Amino acid sequence: MEATEPGPPVCLRGPGRPWPPGLTAELVDGEAGVNVAVHARDATAVDLCLFSEDGLTETARLRLPGHTDGVWHGFVAGVPLGQRYGLRAEGPWRPLSGQHFNPARLLIDPWTCSLPGDVSHLAREVGYRWGSPLQADTTDNASRVPKSRLIDRDAERRAGAAVARAPHVAPGRMVLYEAHVKSLTALHPDVPEELRGTYAGLASAAVTGHLRRLGVTTLCLLPVFRAIDERHLLDKGLHNHWGYNTLSYFVPEPRFATRSAREAGPGDDGVRAEFRQMVDRLHREGFEVVLDVVFNHTAEGDALGPTLCWRGLSNAAWYSLDSQGRHLNPSGCGNTFNMGDPAVVQLIMDSLRWWVQAYGVDGFRFDLAVALGRDPAAGGGFQSRAPLFAAIAQDPVLAGVRLIAEPWDLGTDGYRLGAFGPRWQEWNDQFRDTARAWWLGHGCTRGLIARRLAGSSDVFQPGGRGPTAGINLITAHDGFTLADLTSYRNKHNQANGEGNRDGHNHNLSANGGHQGPTAEAAILERRGRWRRALLATLLCAQGSPQLLAGDELGHSQQGNNNAYCQDNPITWLDWAGADRALTGFVAALVRLRQRYPGLRHPQWFRGTPGSSGWPDIEWRTASGGAPVVADWEQPDGRLLVCVITVGHCHKPPRERLMLVLHAGENDTEISLPEGQWRLALDSASGFVAADDEPEVAVTTGRWTVGPITTALLVRQLAGGETL
């Protein structure tokens, strides 16, 4: 593209420095400008391209003179804040060897913190000729690519420092809530229309009031980094609603900002401000904010994907390739970052620090986190002490943030639940699958459900971690909602345009005798019992519980268990049709959990007598005896009973808790331990004792539990009472 307009008075002053990465506004010998540093190993040259304010005219092209250890760098005087720019890199075009240099492709700065502009068709910006992937396309594409924008990073960090601090949530009291910004708010009748689907809407009084009533402490937001749609979705007229296709690791997604924020000024300043205001408001309302982050792969896809950034700056350096230059794919998305390259580790670390410092977020949930511990140069296997994990562990900025791993990927030996180190929490899919199997009629033993109920010590204790290391869940964004888990035997993903081939087939679901919606009272009753029993199991289990947004409302996705491309009422929460009784039940369960320390004990149970004389946990049969080996291994046993007796903060216990999980079809009589017991929870009827009301008296001796029931009975202890 030729310069047809006069550009800013810029001048290349010298080689500058190879650090920090990206463009950094600074003064050198009293002259204002930018230091430019671009990681482009194997490139033979890198150009900085400056553009007019509208991004249509290239006003200057400056070749970076410095080259140090794969970093091209230079100092350019006269570049003002707000300047639009892009990069070009020259080098070998050898697609079969993994090299895709093409200077006709304008590239996005990997470290840009501002990226306004249209990205709707970027998936089609490939570097080769259509139909001839081995031939480079030499047509300049700058007019179709959004331009990075220079901003004052120090000013952004100062703004982030002004964000209200998050409340401190003790590990045992954390209740996570996984939500999508737009889906949570798009149909909420009490959110002002102009705020629906936005950051501001999520922080509105209607939403925060709902979360507060539920007892949520920590929001985990699905991806909010700037992302694009994949080419196959563009061809079908669909969108990547979830956002697991990251284009920029420092820029908030503008489609979740209000119209007024998007139109505030020439760049995306308003979007950044609104995101920061959301975090500030959520903190002031008592919530932590955790971001779901996707560092395992990028929006550039496989070798036939677009050339937007990293591919054009050295595909072979940024991505994991085999010895023939082909992409390794443990992410299942076509490409995976090369976690053995220092530039990749630095990019991720800088991104994490940026969201903490510039926006005040409180933690991160790492998508397919096993991929982040794979170094192709070291054989490609997972390492719990991989370079990125070591960098995170020692970083002072990240010292207090929450770290949550999705502990698997699609590569060899990719299932690594329990393999992450200190400070890490992990999604516990074994809890999910065992709880589903127990309640919904699939194969499950008492021993399996007991392990999960007690915190999965078999998974986390060998590594020296406590029960709260496990993030217990029944459902998540990826899979059935709770309503669909109990209404569909099989997935119904036809709306995704892939012939129902996508999504999980192993759902451990049930439908009660009819697939999908029904008006039959008996089926609806059974489904309701299942849902309440599953939720009660989640919130009465040791570990850290996570709820999926909408489960408390009874939201259905019409049987779609892979709704990533459904930006419509399939994923938008149905507030108008909410099951208010279920919502109240979930809120009462959270209060029950917070009321009784025995439901959130931060230490492993030992099964031996404590200072009170009672064991901290005692497993019982229906007759009141201790289970023998055959009782634990019985595959069709659907009754589990335990008694928990623990104090709080080294104080004597104030109560004994008897937890009953009965998934059978008939009433069952159980023997009660000595003393007067009162009913605090009966999931079958939806009863949960309120904080200011006494539990329902039961009796001594024996008690009958109904089918498909999670129950909690409480015996209050007098001060200092012991066995």
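The values are calculated or read from the model by the stated rules, or taken from the named source; none is laboratory data. Computed from a prediction, not measured in an experiment: that's the story for all the values here. All Cβ positions, glycine included, derive from the backbone under ideal geometry; neighbour counts span all protein chains shown. For accessibility, only protein heavy atoms count, side chains too; no ligands or nucleic acids. Shrake-Rupley method; radii C 1.70, N 1.55, O 1.52, S 1.80 Å.
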Chain lengthening between ARG580 and LEU27 when straightened (0.36 nm per residue, less Cα-Cα): 193.1 nm
Efficiency of FRET from Cβ geometry, ASP350 and GLU90, R₀ 25 Å, rounded to 0.05: 0.45
Solvent-accessible surface ranking, highest first, for ASP429, ASP154 at 1.4 angstrom: ASP154, ASP429
Vicinal HN-Hα couplings computed from phi for segment 627-635 (Karplus, 6.51 cos²θ - 1.76 cosθ + 1.60; Hz; Gly/Pro x): x, 9, 3, 4, 5, 5, 8, 4, x
Relative contact order computed over the chain (Cα-Cα under 8 Å; 6+ residues apart), in percent: 10
In order through segment 67-77: 3J(HN,Hα) via Karplus (6.51 cos²θ - 1.76 cosθ + 1.60), integer Hz, x for Gly, Pro: 8, 9, 6, x, 10, 9, 8, x, 10, 10, 7
Fraction of the pair-distance distribution of segment 659-707 above 12 Å, Cα-Cα pairs, percent: 66
Mean Cβ neighbour count within 10 Å, used as a protection proxy, ranking 662-670, 86-94, 586-594 highest first: 586-594, 86-94, 662-670
C-alpha long axis of helix 205-214 to longest principal axis of the chain, angle in °: 40
Label-reachable residues, segment 668-704, where backbone N falls under 18 Å from a point 7 Å from GLU525's Cα toward its Cβ: 668, 682-687
Average silhouette area of segment 229-337, convex hull of alpha-carbon atoms, in square nanometres: 8.9
Protection proxy ranking of 624-634, 446-456 - average other beta-carbon atoms within 10 Å, highest first: 446-456, 624-634
Net +/- balance of residues flanking SER204 in space, Cβ distance below 14 Å, scoring K and R +1, D and E -1: -1
Accessible area in square angstrom per residue, segment 316-367, 1.4 angstrom probe: 25
14 Å beta-carbon shell around HIS514, net charge (K/R +1, D/E -1): 0
Mean-position separation - Cα centroids, segment 118-158 and segment 467-490, in angstrom: 38
Cα-based helix-to-principal-axis angle, 521-540 vs the chain, degrees rounded to 10: 80
Accessible surface of the chain [probe 1.4 Å, protein heavy atoms]: carbon and sulfur percent: 51
Span from the segment 31-99 Cα centroid across to the segment 250-326 one, whole angstrom: 21
Mean separation of Cα contacts under 8 Å (6+ apart) over length of segment 172-230, as relative contact order %: 46
ASP137 long-range amide H proximity, modeled H, under 5 Å: TYR128, ARG129
Packing-based order for 504-511, 369-376, 74-81, using average beta carbon neighbours within 10 Å, highest first: 369-376, 74-81, 504-511
Formal net charge of residues neighbouring ARG105 (Cβ-Cβ distance under 13 Å; K, R +1; D, E -1): -1
With Cα atoms, 0 to 90° folded angle of helix 269-284 axis to the chain main axis: 20
Segment 390-473, relative contact order [Cα under 8 Å, separation at least 6], %: 27
Difference of contour (0.36 nm per residue) and Cα-Cα distance, SER132 to ARG144: 2.2 nm
Debye, to nearest 20: dipole size of segment 443-499, +1 on Lys, Arg Cβ, -1 on Asp, Glu Cβ: 280
